[in-house]
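What follows is calculated from the coordinates using simple rules that are stated; it is not laboratory data. These numbers come from a predicted model, not from an experiment. Neighbour counts run over all protein chains shown; Cβ positions are idealised from the backbone, glycine included.
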Amino acid sequence: MIVAVARLTLMLHDNNSLKGKRKVVRSLIEKVRHRFDAAVAEVEDHDKWQRAKIGVALVGNDSTLLKSRLDQIMQFMENQHLAEIIDSQVELCYLES
């Protein structure tokens, strides 16, 4: 079993409040969850109104497919034009049964 994890740092350029940030982050998270069936959550920078850190996790048995799916998720998020991904870290963890 392989667990693919991405940690994304988003910049919300046109945002000026925590309320606005929550709206954008919630929208992105829900869209990614429904479109890609991925586990997604805001994991850091809860009190910063122009920055968000999002964690994305996928589980499968094909590392190439998982990496490709994470790339698709990041591209999808960028194409929403709600936030810019300014940093990303991707890890694949191989778990044995």
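Brief remarks on what is shown
Yes or no, residue by residue, for (1) surrounded by 15 or more Cβ atoms within 10 Å (Cβ to Cβ); (2) in contact with a helix residue (DSSP H, G or I) (Cβ under 6 Å, 6 or more places away or on another chain); (3) β-branched (Val, Ile, Thr); (4) farther than 18 Å from Phe36 by Cα:
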| site | (1), (2), (3), (4) |
| --- | --- |
| Ala52 | yes, yes, no, yes |
| Asn61 | no, no, no, no |
| Leu65 | no, no, no, no |
| Met74 | yes, no, no, no |
| Ile86 | no, no, yes, yes |
| Gln89 | no, no, no, yes |
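- Meets criteria (in contact (Cβ under 8 Å) with a residue 24 or more places away in the chain, under 11 Å from the mean Cα position of the chain (by Cα) and in a helix (DSSP H, G or I)) for Val90: no
- As a summary of the residue check, Asp14 satisfies the conditions (1) over 12 Å from Leu70 (Cα atoms); (2) surrounded by 16 or more Cβ atoms within 10 Å (Cβ to Cβ) except for the one numbered (2).
- Residues of the stretch 1-35 that are in contact with a strand residue (DSSP E or B) (Cβ under 8 Å, 6 or more places away or on another chain) and farther than 12 Å from Leu82 by Cβ: Met1, Ile2, Val3, Ala4, Val5, Ala6, Arg7, Leu8, Thr9, Arg33.
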